[in-house]
Amino acid sequence: MAALKRSNKPIFWSLFGAGGMLSALIGPMLILITGIALPLGMVNFSYERAVAFAQNGFGKAAILLVISLFLFHGVHRMYHCVHDFGVHVGPGLKAAFHGFAALGTLAAGWLLLSIGG
Amino acid sequence: MSRTIQIECLRYHPERDAAPRYQTYEVPFTDDMSVLQGLQYIKDRLDGSLTFRWSCRMAICGSCGQMVNGVPVLGCETFLRDYYPGKVRVEPLNHFPIVRDLAIDQSDFLEKLESVKPYLISKNVPEKAAFLQTPRQMEDYYQYSQCINCVLCYAACPQYGLNSAFTGPAALALLHRYNADSRDEGKSERMKVVNAEDGVWGCTLVGYCSEVCPKGVDPARAVNQNKIESTKDYFFRFFRK
Amino acid sequence: MRTYTRPMAGWWRRNPFYLWYMLREASCVFITAYALVLLWGLARLSQGKPQFEAWLASLASPVSIAFHAIALLLVLYHAWTWFKVMPRTMPFVRLGAWRVPDGFIVAFAFASSIVLSGALFIAVWRL
């Protein structure tokens, strides 16, 4: 039997799981809002209200969590998808996918800080 | 007046074949005949060279696993009438090397079984009589103890097909069977297998294993429950004494 | 013993069960893309009012609506499969001696999703 090294999967799986749960709970409704309700004018998203939400502590946390967890969920599954198609995956690809999600998280965090509040 | 059905079998005799080929047989059948009985008819009356495993004929020994029209099933509990008038294509279980005709080399599975320490590990054995266990304690592991090692789940699992180092559904279900047994104290010894990349983390919850299991073991549940255990073990190991 | 090993290429096309699995996995592309849509909206928000309103207007474009329509279907499928598989990812849940059936857990998860989604919609509607 090959060396039974402890896997680091738990870290990424936890993020994947959190993102999966969040996207399962409110993903469809979010998409419905930005994709259908907003263009049809069923809801109004004024700039003033949006900024107020983003400046609010709860709003910041909500926006950061949604963007970050959706990204970590998506990239983890994408990494496994590539493997499922028979493509050899290694630590480089893993770092690239999760690094992308981390960058997205940092970008979101930085933007939220720059909005102030 | 009997009907006949076409049974197409994968044939592979390594001494004469470079690669598998297919051979079709016309088999007279009745409504109560299983695929296994169809194969037995072929071997007894049409072609004695056809090789396949079987034993109990009643879905308890786990020997007669085959791919029937692309689905892993036990030949003894799969019926020809359900495929008529279509053709029945019988192939050896997926993801295992073919030894001869419909017989696979399952030695890797046997190694995986050994690796999970599938026995009660207990220092506190009661002096008299036996361990006591409540019905609820038995419920915690009972379904996982029903495994007949038929390896249909390995034939179903694409992750095992893509990477045979993956411990796999039945072995991990058996591992969980012992971890979940109140009489067992060997969980920490089995965690190494659980925590490895080819342990529970080789699973992406395709779930087909539980779908094809003839005994309701639900290996997908056993494996994925242990992802939480593995995660707990990963993060809390620093807090253990 | 010269055994024969069959190739795995195209394995997911050989059984409808696997096709549905790949569809579930494919939802991840749209979840990632959607997160980037939101990230882009956040960036436009931080730039100022005209930029944010331009982003809002872009959501009404045919490309955006088409993307959202496909994303909605796939993410709904993701949610469906996620909740259905949830009981299998946790230990048996018991209330005293009674084991909570898997169906209850699934129903509870769907109910939570509906309640939270409803609350989200109302919150945005009243925003």
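For the condition farther than 23 Å from C:Pro87 by Cβ, within 14 Å of chain A (Cβ to nearest Cβ), over 13 Å from the mean Cα position of the chain (by Cα) and in contact (Cβ under 8 Å) with a residue 12 or more places away in the chain, what is the one hit in B:Glu229, B:Glu189?
Checking each option against the conditions leaves just B:Glu189.
Go through the residues of the range B:15-23 one by one and say whether even a single one is open to solvent by 20 Å² or more (accessible area, probe 1.4 Å), in a loop (DSSP other than H, G, I, E, B), in contact with a Gly (Cβ under 9 Å, 6 or more places away or on another chain) and within 28 Å of B:Asn163 (Cβ to Cβ).
Here is the first cut: in the range B:15-23, the residues open to solvent by 20 Å² or more (accessible area, probe 1.4 Å) are B:15-16, B:18-23.
Of the ones still in play, those that are also in a loop (DSSP other than H, G, I, E, B) are B:15-16, B:18-20.
Add one more test, that the residue is in contact with a Gly (Cβ under 9 Å, 6 or more places away or on another chain), and what stays is none.
No, the conditions are met nowhere in the range B:15-23.
Which residues, counting only those in the range A:3-25, are in contact (Cβ under 8 Å) with a residue 60 or more places away in the chain and farther than 19 Å from B:Thr167 by Cα?
A:Phe12, A:Leu15, A:Phe16
In the range B:42-88, how many are surrounded by fewer than 18 Cβ atoms within 10 Å (Cβ to Cβ) and over 22 Å from the mean Cα position of the chain (by Cα)?
Result for the range B:42-88: 13.
With respect to B:Tyr84, is the statement that it is more than 19 Å from B:Ala170 (Cβ to Cβ) and outside any strand (DSSP E or B) true? So that I can check it myself, show each step before the final result.
Details: more than 19 Å from B:Ala170 (Cβ to Cβ): yes; outside any strand (DSSP E or B): yes.
Here the answer is yes, as B:Tyr84 does meet what is asked.
Please specify each residue of the range C:1-43 satisfying the condition of being in a helix (DSSP H, G or I), more than 10 Å from chain A (Cβ to nearest Cβ) and among the charged types (D, E, K, R).
C:Arg13
Can you tell me which residue within the range C:83-123, out of those that are in contact (Cβ under 8 Å) with a residue 24 or more places away in the chain and at the interface with chain A (Cβ under 9 Å from one of its Cβ atoms), is surrounded by the fewest Cβ atoms within 10 Å (Cβ to Cβ)?
Residues of the range C:83-123 that are in contact (Cβ under 8 Å) with a residue 24 or more places away in the chain, as a first pass: C:83, C:109-110, C:113.
With the extra rule that they be at the interface with chain A (Cβ under 9 Å from one of its Cβ atoms), the set shrinks to C:83, C:109, C:113.
Working: C:Phe83: 21, C:Ala109: 19, C:Ser113: 21.
For the range C:83-123, the residue satisfying everything is C:Ala109.
What's the total number of residues in the range A:1-54 that are within 7 Å of chain C (Cβ to nearest Cβ), under 20 Å from A:Gly74 (Cα atoms) and not hydrophobic (A, V, I, L, M, F, W, C)?
6
Condition first: in a helix (DSSP H, G or I) and surrounded by fewer than 21 Cβ atoms within 10 Å (Cβ to Cβ). Now tell me which residues in the range B:192-211 satisfy that. Steps first, please.
In the first step, residues of the range B:192-211 are kept if they are in a helix (DSSP H, G or I); the result is B:192-195, B:200-202, B:208-211.
Passing the criteria: B:Lys192, B:Glu211.
Taking the criterion of being more than 10 Å from chain C (Cβ to nearest Cβ), modelled with pLDDT of 90 or more and either surrounded by fewer than 19 Cβ atoms within 10 Å (Cβ to Cβ) or touching a Pro at 6+ places or on another chain (Cβ under 6 Å) (or both), would at least one residue in the range A:74-81 satisfy it?
The first filter runs over the range A:74-81 and keeps only residues more than 10 Å from chain C (Cβ to nearest Cβ), leaving none.
No, the conditions are met nowhere in the range A:74-81.
Residue-wise test of (1) closer than 17 Å to C:Glu25 by Cβ; (2) at pLDDT 95 or above; (3) touching a helix residue (DSSP H, G or I) at 6+ places or on another chain (Cβ under 8 Å); (4) crowded, with 18+ Cβ neighbours inside 10 Å.
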position: A:Ile63; (1), (2), (3), (4): no, yes, yes, yes
position: A:Ser68; (1), (2), (3), (4): no, yes, yes, yes
position: A:Leu103; (1), (2), (3), (4): no, yes, no, no
position: A:Ala108; (1), (2), (3), (4): no, yes, yes, yes
position: A:Leu111; (1), (2), (3), (4): no, yes, yes, yes
position: A:Gly117; (1), (2), (3), (4): no, no, yes, no
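Among (1) among the polar types (S, T, N, Q); (2) part of a helix (DSSP H, G or I); (3) more than 10 Å from chain A (Cβ to nearest Cβ), which single condition is B:Ser182 missing?
Single failed check for B:Ser182: (2).
Taking helices (runs of 4 or more DSSP H) that do not extend beyond the range B:99-172, which have at least 3 residues that are at pLDDT 95 or above, over 24 Å from C:Arg14 (Cβ atoms) and away from chain C (no Cβ under 14 Å)?
Numbers: elements: B:107-115, B:135-139, B:152-156, B:158-162.
The helices (runs of 4 or more DSSP H) meeting that bar are B:107-115.
If I ask for residues that are touching a Cys at 6+ places or on another chain (Cβ under 9 Å) and within 11 Å of chain C (Cβ to nearest Cβ), which ones from the range B:69-92 would you list?
B:Pro72, B:Glu91
Consider the range C:40-76. How many of its residues are in contact with a Lys or Arg (Cβ under 6 Å, 6 or more places away or on another chain) and open to solvent by 50 Å² or more (accessible area, probe 1.4 Å)? Even if it seems obvious, please write down each step before you answer.
Going residue by residue through the range C:40-76, those that are in contact with a Lys or Arg (Cβ under 6 Å, 6 or more places away or on another chain) are C:51-52, C:55.
Checking the rest, the ones that are also open to solvent by 50 Å² or more (accessible area, probe 1.4 Å) come to C:51.
Of the residues in that region, 1 qualify.
Is there any pair with a first residue in the range A:86-113 that is on the phi > 0 side of the Ramachandran plot and a second that is open to solvent by less than 30 Å² (accessible area, probe 1.4 Å) and part of a helix (DSSP H, G or I) whose Cβ atoms are under 9 Å apart and which are 6 or more apart or on different chains, and what are they?
Pairs that qualify, where the first residue is on the phi > 0 side of the Ramachandran plot and the partner is open to solvent by less than 30 Å² (accessible area, probe 1.4 Å) and part of a helix (DSSP H, G or I), are A:Gly86/C:Trp11.
The values are calculated or read from the model by the stated rules, or taken from the named source; none is laboratory data. Computed from a predicted structure; not experimentally measured. Note that each Cβ is placed from the backbone with ideal geometry, even for glycine, and that neighbours are counted across all protein chains shown. Remember, those area values only see protein heavy atoms, side chains included, never the ligands or the DNA or RNA. Shrake-Rupley method; radii C 1.70, N 1.55, O 1.52, S 1.80 Å.
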